[in-house]
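Report on one structure; see the data block that follows.
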Amino acid sequence: MDMSNIANKEVERLEWCKLPGKRIRAAGCNARLGVHGDSVPLDLVRVTIGGQEAFGWSRINEQRAQELLGKKVGELFNNRGDVSPLHYDIEFPLLDWLGKIKNKPVYKLLLGDTDLKISVPCYDTSLYFDDLHLEDDDDAVKLIQSQALEGKARGHRAYKIKVGRGAMHMPLDKGTERDIAIINGVREAVGPEAKIMIDANNGYNLNLIKYVLKATAHSNITWIEEAFHEDPPLLENLKNWIQSEGLNVLVTDGEGDSAAQIVDWAKQGYLDAIQYDILHYGFHKWKNLGQELDKVNVYTAPHSYGCVYGNYVLGHLAPLIKGFLFIEWDEINVEGIDGSNYIINEGKVEVPDKPGFGIELDHHFYSKMVEKSGWKVCKKLVR
């Protein structure tokens with residue numbers, strides 16, 4: 001990529017605020033946490049470089065922003081258009097800026113120009129423990145079925161179900177049986193062609209996950225996520241058992257505070273996919289890791305729950321990695337952000353061929369929020 005004509009443009013201004021966001025439906029508990037609720041604010045930085053504004057998720061502080069003022073594009077990017085590792089803490093606004101200045105979507109910056117329409121499989125990640133107030137398992141099943149069908153009406157054809165009710169919120173036996181009933185009930189509701197994943201948030205042990213997988217074998221689960229805390233002997237045992245049972249279930253992990261060796265364990269065959277968070281791990285690190293995992297036939301399935309921005313940027317990461325499985329789609333409406341260029345159709349996200357990340361910002365509203373509760377740093381003009 002030719003960066004020579006923009007290499008001397010400088011960072012002139014950085015602004016930060018939290019934009020208020022709300023889920024379309026409040027999220028309940030999971031196996032280890034209480035009610036997640038419906039309020040999901042978005043940390044957003046707007047950057048101005050050479051007169052061009054752009055924006056993206058970042059949690060830099062005001063002091064770090066001051067350090068970035070006056071930095072030149074040649075310092076921020078290499079000649080391929082990759083963000084310098086020294087500036088990964090602001091890589092999303094920078095990638096959005098480069099896309100806008102080059103009039104290309106981010107995926108074309110890194111993949112190269114293509115006429116292919118980018119469409120990426122996604123899943124509805126909203127099926128939490130919203131049933132704990134119900135005594136009867138049949139009523140609980142009907143509630144989660146209705147939520148899955150809401151997702152189907154929004155275009156989803158894949159669904160992730162939180163399990164592990166017996167880890168904390170219900171007695172072990174009753175919670176596990178309800179997990180099983182809900183998994184099988186969702187399969188009945190969404191039909192045989194849909195993908196179903198389950199996520200235990202480390203709320204199971206080895207024997208419990210075997211019990212659940214056996215009881216739901218006819219529901220054809222695509223993956224089990226975070227069955228228990230990462231432990232190579234247990235993961236190896238689980239993988240061998242899945243094979244002996246003739247199940248076609250992937251074992252995935254890495255979303256939370258994962259073990260440092262987790263990628264090595266995946267390469268050794270104990271895990272089928274890695275799930276580091278897209279925002280906290282980062283776009284460039286994920287691009288590099290995903291391409292490394294491709295070489296050893298390990299899948300990529302980044303976590304992105306709890307921040308709508310992840311929905312969008314994953315659509316630009318996916319074309320760069322052959323083994324990319326799904327976008328984790330968390331439906332959140334953020335005031336001042338318009339992501340309507342991203343359309344879910346028959347289980348896939350259609351990624352817009354628009355500059356940067358293809359998201360629209362209400363700049364007037366954003367400026368008001370910066371004044372109200374954010375910060376702004378500007379380069380001093382030399383006269």
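Observations on the structure shown:
- Of the beta bridges in the chain, as assigned by DSSP with both residues counted there, near 60 percent are antiparallel.
- Only alpha carbons enter this Debye calculation for the chain, each as an equal point scatterer, and the log10 of I(q)/I(0) it gives at q = 0.09, 0.15 Å⁻¹ is -0.55, -1.32.
- Where a label projected 7 Å from the Cα of D231 along Cα→Cβ would reach, residues of the stretch 264-305 with amide N under 18 Å: 265-266, 270-271
- Taking amide H as placed 1.01 Å from N in the peptide plane, A27 has its amide H under 5 Å from the amide H of H36, G37, D38, each at least 5 places away in sequence or on another chain.
- The amide H of E53, built 1.01 Å from its N in the peptide plane, has no neighbour under 5 Å, considering only residues 5 or more places off or on other chains.
- Considering only W16, L33, S4, the residue lying farthest towards the positive end of the dipole of the stretch 1-51 is L33, judged by Cα position with unit charges set on Cβ.
- Stretchable slack from Q243 to A153, in nm (0.36 nm times residue separation minus alpha-carbon distance): 28.9 nm
- Couplings for the stretch 288-305, taken from phi via the Karplus curve 6.51 cos²θ - 1.76 cosθ + 1.60 with θ = phi - 60°, read 5, 5, x, 5, 5, 5, 4, 5, 10, 6, 10, 7, 10, 8, x, 6, 8, 5 Hz in order; Gly and Pro are left as x.
- In Hz, Karplus ³J(HN,Hα) per residue of the stretch 196-206 (6.51, -1.76, 1.60; θ = phi - 60°; x = Gly, Pro): 10, 10, 10, 9, 8, 6, 6, x, 10, 10, 4
- Packing-based order for 347-353, 140-146, using average beta carbon neighbours within 10 Å, highest first: 347-353, 140-146
- Cut-off 9 Å between beta-carbons: net charge of the residues surrounding L110, Lys and Arg +1, Asp and Glu -1: +2
- The helix-based estimate of mean residue ellipticity at 222 nm for the chain, built from -39,500 (n - 2.57) per DSSP H run of four or more residues and divided by its residue count, is -10000 deg cm²/dmol to the nearest 500.
- For the chain, a crude dipole built from +1 on the beta carbon of Lys and Arg and -1 on the beta carbon of Asp and Glu, taken about the Cα centre, is about 1320 debye to the nearest 20.
- Rolling a 1.4 angstrom probe over the chain with all protein chains present gives an accessible area of which 47% lies on carbon and sulfur atoms.
- The charge dipole of the stretch 89-219, taken about the Cα centre with unit charges on the Cβ atoms of Lys, Arg (+1) and Asp, Glu (-1), comes to about 620 debye, rounded to the nearest 20.
- Charged neighbours of W223, selected by a Cβ distance under 11 Å, balance to -3 (K, R count +1; D, E count -1).
- Among 292-300, 8-16, the peptide with the highest mean count of other Cβ atoms within 10 Å heads the list, and the full ranking is 8-16, 292-300.
The values are calculated or read from the model by the stated rules, or taken from the named source; none is laboratory data. Just so it is clear, the structure is predicted and the values come from calculations on it, not from any experiment. Here Cβ is always computed from backbone atoms with ideal geometry, including for glycine, and neighbour counts include all displayed protein chains. Side chains included, ligands, DNA and RNA excluded: accessible areas come from the protein's heavy atoms. Shrake-Rupley method; radii C 1.70, N 1.55, O 1.52, S 1.80 Å.
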